[in-house]
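Q: This is the structure I have questions about; it appears just below.
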Amino acid sequence: MLQIPYIKENRDLVIERFTKRNLDLTKTIDEILSLDEQRKATQQSMDHDLAEGNKLAKQIGDLYKSGKAEEANVLKEQTKSLKEKSNEEKAKLQEIEEAQQNLLYQLPNVPNEIVPKGNTDADNKIVEEHGNVVTFDFEALPHWDLAKQYGLIDFEVGVKISGAGFPVYTGKGAKLQRALINFFLDEAENAGYSEVIPPHLVNEASGYGTGQLPDKEGQMYHVGVDDLYLIPTAEVPITNIYRDVILKESDFPIKNSGYTPCFRREAGSYGKDVRGLNRLHQFDKVEIVQIQHPSKSYEALNDMVKHVSGILDKLGLQYRIALLCGGDLGFTSALTYDFEVYSAAQNRWLEVSSVSNFEAFQANRLKLRFKNTEGKTELAHTLNGSALALPRIMAALLENNQVEDGVNIPEVLFPYTKFQKID
RNA sequence: GGAGAAAUGGCAGAGCGGUUGAAUGCACUAGUCUUGAAAACUAGCAUACUGAAAGGUAUCGGGGGUUCGAAUCCCUCUUUCUCCGCCA
């Protein structure tokens, strides 16, 4: 959520930046600002009336003490109309604040200056490409065929147990999955992230804190009886650790990593996009989260990009980094880099990581602040990234490393898998 | 799931209808003293809105009510603790 003083001071810039998202929010913004004027005026007159009432109450108290009950009764009469008036003003104030809040919730984050204007992922800017192109001198199989052939993943039994999008990992498939999780967590630890294991169900306040609610409600599984949401990403519980917290400057940077399963309803997807591991309702992911001083958050973003690159380099995957255009940029993000690995048998790029700087957008909802050197509280910046999402890494590893009689495991994983080849 | 108790500032802990935004202690920050440190002493030390400032307003788990006036009384929700039951 954007801060009103920020919007007020940067009205034109904000409106202009939203055009990167192909949004014209001039009307919404002006309405928010006008409501703010109303809010102030109402607040002021209410405060004035309340102050008046407080004064009278004090006088009445004093009069009673000195035994002048009659004089007190006269004053009591005066408080009546004052109270009525302040009650009306209170109701009006609540109405204004609610209207303002609703409009504010509709505003996405302001894209960073370097975010390209655009509509879809076709307008994203590829900023880096790494790794070697994989070619085959035999007929390469997509990962779902490999998974079946070597008994790595059972999609059908997952359908029986839960439904489509809930695969069962078996044999070396299960071991490879666990190996990858441990490898990712170790990499994060080496990069200075401290590991947490957060809850997998979160309450409504947490959903609002990181911005999944109110606008992306349908994307999460909701446990109605207890009013809890299954996490769509570890970002939600991990970032919410710092909800309603006031940090010291010396606490920066806060770096957390965490492995969790992620649950997404993904309504309305179809076709080749959802084949095999490409898109699931439940998947595993190692997430990295940073809380940073505003002046250092873009430095942190670059660190995170390097961290993810390092992992993909070690796995020997061909990948590219895309700077997301305004239209593809998430609601809460100011700047996002997507990582895509090339899946050599499907012949397509698969998104495996998304690294974002939310600046103060989440922090504002979270009330995540710090005391600056002048002793004033200021919003911190939050960032997060996948490092990494498992299924598509698994898909690319299987496809890209297949040989005629099996699949080779990247060397860096040997200590984790304890086997070197799937056959 | 059943029964009971409780929720106050960073922490501990008073207050239970009227200069209480809140005693006191600890922690923290600055200063005095000291060669330095400790100790001692002095001062400061919640958040938000509003105002040029002085100041004003709100907040003692959340919401609502009683009252001229609520941290203090009532209702309700939430959470925590203790005992019983169940259980990985």
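Q: Please determine, by comparing only the residues of the stretch A:125-164 that are within 21 Å of A:Val341 (Cα to Cα) and small (Gly, Ala, Ser), which one is surrounded by the most Cβ atoms within 10 Å (Cβ to Cβ).
A: Among them, the one singled out is A:Ala147.
Q: Which strands (runs of 3 or more DSSP E) sit wholly inside the stretch A:312-407 and have at least 2 residues that are more than 16 Å from RNA strand B (Cβ to nearest atom) and farther than 30 Å from A:Leu141 by Cβ?
A: Of the strands (runs of 3 or more DSSP E) lying wholly inside the stretch A:312-407, those with at least 2 residues that are more than 16 Å from RNA strand B (Cβ to nearest atom) and farther than 30 Å from A:Leu141 by Cβ span A:335-343, A:348-359, A:381-389.
Q: Could you please find all residues in the stretch A:7-27 being surrounded by fewer than 18 Cβ atoms within 10 Å (Cβ to Cβ) and touching a helix residue (DSSP H, G or I) at 6+ places or on another chain (Cβ under 8 Å)?
A: A:Lys8, A:Arg11, A:Asp24, A:Thr26
Q: Among the residues of the stretch A:165-193, what is the count of those that are open to solvent by 20 Å² or more (accessible area, probe 1.4 Å) and within 19 Å of the chain's Cα centre (by Cα)?
A: Counting residues in the stretch A:165-193 that are open to solvent by 20 Å² or more (accessible area, probe 1.4 Å) and within 19 Å of the chain's Cα centre (by Cα) gives 0.
Q: So how many residues does the stretch A:45-64 have that are near RNA strand B (Cβ under 6 Å from one of its atoms), open to solvent by 80 Å² or more (accessible area, probe 1.4 Å) and farther than 15 Å from A:Lys83 by Cα?
A: Summing the residues that are near RNA strand B (Cβ under 6 Å from one of its atoms), open to solvent by 80 Å² or more (accessible area, probe 1.4 Å) and farther than 15 Å from A:Lys83 by Cα in the stretch A:45-64 gives 1.
Q: Six or more apart or on different chains, Cβ atoms under 7 Å: show the pairs whose first residue is in the stretch A:352-375 and closer than 16 Å to A:Gly211 by Cα and open to solvent by 30 Å² or more (accessible area, probe 1.4 Å) and whose second is within 11 Å of RNA strand B (Cβ to nearest atom) and in a strand (DSSP E or B).
A: Within 7 Å, the pairs are A:Asn364/A:Leu379.
Q: Here is a further query. What are the residues in the stretch A:124-168 that are of a type in the set (Ser, Thr, Tyr) and closer than 25 Å to A:Arg265 by Cα, if any?
A: A:Ser162
Q: For the stretch A:28-39, which positions are within 11 Å of RNA strand B (Cβ to nearest atom) and either open to solvent by less than 80 Å² (accessible area, probe 1.4 Å) or more than 30 Å from A:Asn109 (Cα to Cα) (or both)?
A: Residues satisfying the conditions are A:Asp36, A:Arg39.
Q: Can you say whether A:Lys371 is more than 25 Å from A:Leu397 (Cα to Cα) and among the charged types (D, E, K, R), as far as the supplied structure shows?
A: Taking the combined requirement at face value, the residue satisfies it.
Q: Here's something else I'd like to know. Which residue is farthest from RNA strand B (Cβ to nearest atom), if the candidates are limited to the stretch A:65-82 and must be under 52 Å from the mean Cα position of the chain (by Cα) and either at pLDDT below 80 or surrounded by 14 or more Cβ atoms within 10 Å (Cβ to Cβ) (or both)?
A: A:Leu82
Q: Give the number of residues within the stretch A:1-28 that are assigned to a helix (DSSP H, G or I) and in contact with a Gly (Cβ under 7 Å, 6 or more places away or on another chain).
A: Selection size over the stretch A:1-28: 2.
Q: To continue, here is another question. Based on what the data block shows, is A:Gly276 assigned to a loop (DSSP other than H, G, I, E, B), in the same structural domain as A:Ala164 (by TED's automatic domain parsing) and in contact (Cβ under 8 Å) with a residue 24 or more places away in the chain?
A: Here the answer is yes, as A:Gly276 does meet what is asked.
The values are calculated or read from the model by the stated rules, or taken from the named source; none is laboratory data. Since the model is a prediction, treat every value here as computed from it, not as a measurement. A quick note on method: Cβ atoms are made from the backbone with ideal geometry, for glycine too, and the neighbour counts reach across all protein chains shown. Calculation scope for accessible area: heavy atoms of the full protein, side chains included, ligands and nucleic acids excluded. Shrake-Rupley method; radii C 1.70, N 1.55, O 1.52, S 1.80 Å.
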